[in-house]
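> Sharing a structure, written as structure tokens. Questions coming.
The values are calculated or read from the model by the stated rules, or taken from the named source; none is laboratory data. Remember, predicted model here, so these are calculated numbers, not experimental data. Positions of Cβ are backbone-derived with ideal geometry, glycine not excepted, and every protein chain shown enters the neighbour counts.
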Amino acid sequence: MSPQLLEHFRNPRNVGELPAPAITVEVSNPVCGDILRLSALIAEGCVLETAYKVRGCTASIAAGSALTELIAGRNRDALAAVTKEDIEAAVGGLSNESKHAAALCLDAVRALLKAVKF
């Protein structure tokens with residue numbers, strides 16, 4: 001495990017859920033059972049604040065934390081451009097058996113894009 005992944009796991013950022021008018025989406029990975037809830041407060045076309053809750057493995061906890069930092073300040077186009085590789089890079093890489101954590105985060109970004117009117 002990379003130092004970045006361990007840091008996000010040991011000291012997760014933006015844990016919790018934001019109250020309305022923030023949008024909250026929930027995604028899951030039916031294979032491993034991980035669940036991610038992502039909240040985002042969006043105003044003037046930008047993500048102003050983010051929070052997350054996850055039930056899952058070390059990689060999913062770390063990736064969720066990194067995701068909240070990665071998407072903060074982004075507009076719709078920048079959110080749509082986020083890739084699994086961006087998420088993996090934010091935690092210093094993921095082993096093959098942990099790549100599902102980045103996929104879960106990307107699913108949350110896609111769900112957020114569908115739920116939000118920018």
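> Tally time: how many residues in the range 1-50 are hydrophobic (A, V, I, L, M, F, W, C) and within 15 Å of LEU104 (Cα to Cα)?
Taking the range 1-50 and keeping what is hydrophobic (A, V, I, L, M, F, W, C), we get 1, 5-6, 9, 15, 18, 20, 22-23, 25, 27, 31-32, 35-36, 38, 40-43, 46-48.
Now drop any that are not within 15 Å of LEU104 (Cα to Cα), which leaves 25, 27, 31-32, 35-36, 38.
Going through the range 1-50 one residue at a time, the tally reaches 7.
> So, GLU85, is that one over 10 Å from the mean Cα position of the chain (by Cα), surrounded by fewer than 16 Cβ atoms within 10 Å (Cβ to Cβ) and in a helix (DSSP H, G or I) or not? Give the steps one after another, and end with the answer.
On the way: over 10 Å from the mean Cα position of the chain (by Cα): yes; surrounded by fewer than 16 Cβ atoms within 10 Å (Cβ to Cβ): yes; in a helix (DSSP H, G or I): yes.
Here the answer is yes, as GLU85 does meet what is asked.
> I'd like the full set of residues that are crowded, with 17+ Cβ neighbours inside 10 Å and in a helix (DSSP H, G or I), limited to the range 35-61.
ALA59, SER60, ILE61
> Of LEU94, LEU104, which residue is buried (at least 20 other Cβ atoms within 10 Å of the Cβ), farther than 19 Å from VAL15 by Cα and at pLDDT 95 or above?
On the way: LEU104 fails: farther than 19 Å from VAL15 by Cα.
From the options LEU94, LEU104, the qualifying one is LEU94.
> Right, something else. What's the total number of residues in the range 58-101 that are farther than 21 Å from VAL47 by Cα and polar (S, T, N, Q)?
From the range 58-101, those farther than 21 Å from VAL47 by Cα are 58-60, 92-101; that's our starting set.
Next cut, polar (S, T, N, Q) only: 58, 60, 95-96, 98.
Residues meeting the conditions: 5.
> Moving on to the next point. Look at the range 65-81 and say how many of its residues are in contact with a Gly (Cβ under 8 Å, 6 or more places away or on another chain) and not polar (S, T, N, Q). Spell out how you get there, then give the answer.
Initial filter on the range 65-81 (in contact with a Gly (Cβ under 8 Å, 6 or more places away or on another chain)): 75-76.
Applying the additional criterion that residues be not polar (S, T, N, Q) yields 76.
Residues flagged as in contact with a Gly (Cβ under 8 Å, 6 or more places away or on another chain) and not polar (S, T, N, Q) within the range 65-81 amount to 1.
> Across the range 89-110, what is the total count of residues that are outside any loop (DSSP other than H, G, I, E, B) and either under 11 Å from the mean Cα position of the chain (by Cα) or free of Cβ contacts under 8 Å to residues at least 24 places away in the same chain (or both)?
At the first step, the residues of the range 89-110 found to be outside any loop (DSSP other than H, G, I, E, B) are 89-90, 96-98, 100-110.
If we keep only those that are either under 11 Å from the mean Cα position of the chain (by Cα) or free of Cβ contacts under 8 Å to residues at least 24 places away in the same chain (or both) as well, we get 89-90, 96-97, 101-110.
The total comes to 14.
> Go through (1) assigned to a helix (DSSP H, G or I); (2) buried (at least 17 other Cβ atoms within 10 Å of the Cβ) and name the single condition ASP77 misses.
Of the numbered conditions (1) assigned to a helix (DSSP H, G or I); (2) buried (at least 17 other Cβ atoms within 10 Å of the Cβ), the odd one out for ASP77 is (2).
> Just the residues that are modelled with pLDDT of 95 or more and in contact with a Phe, Trp or Tyr (Cβ under 6 Å, 6 or more places away or on another chain), please, taken from the range 27-57.
Residue satisfying the conditions is LEU38 alone.
> Among the residues of the range 9-23, which ones are outside any loop (DSSP other than H, G, I, E, B) and under 15 Å from LEU38 (Cβ atoms)?
Going through the range 9-23, the residues outside any loop (DSSP other than H, G, I, E, B) turn out to be 9-10, 15, 23.
Scanning the range 9-23 gives VAL15, ILE23.
> Please indicate, with yes or no, whether at least one residue in the range 62-72 is over 12 Å from the mean Cα position of the chain (by Cα) and without any contact (Cβ under 8 Å) to a residue 24 or more places away in the chain. Explain how you work it out, then say what you get.
Taking the range 62-72 first, the residues over 12 Å from the mean Cα position of the chain (by Cα) are none.
Taking every residue of the range 62-72 in turn, none turns out to be over 12 Å from the mean Cα position of the chain (by Cα) and without any contact (Cβ under 8 Å) to a residue 24 or more places away in the chain.
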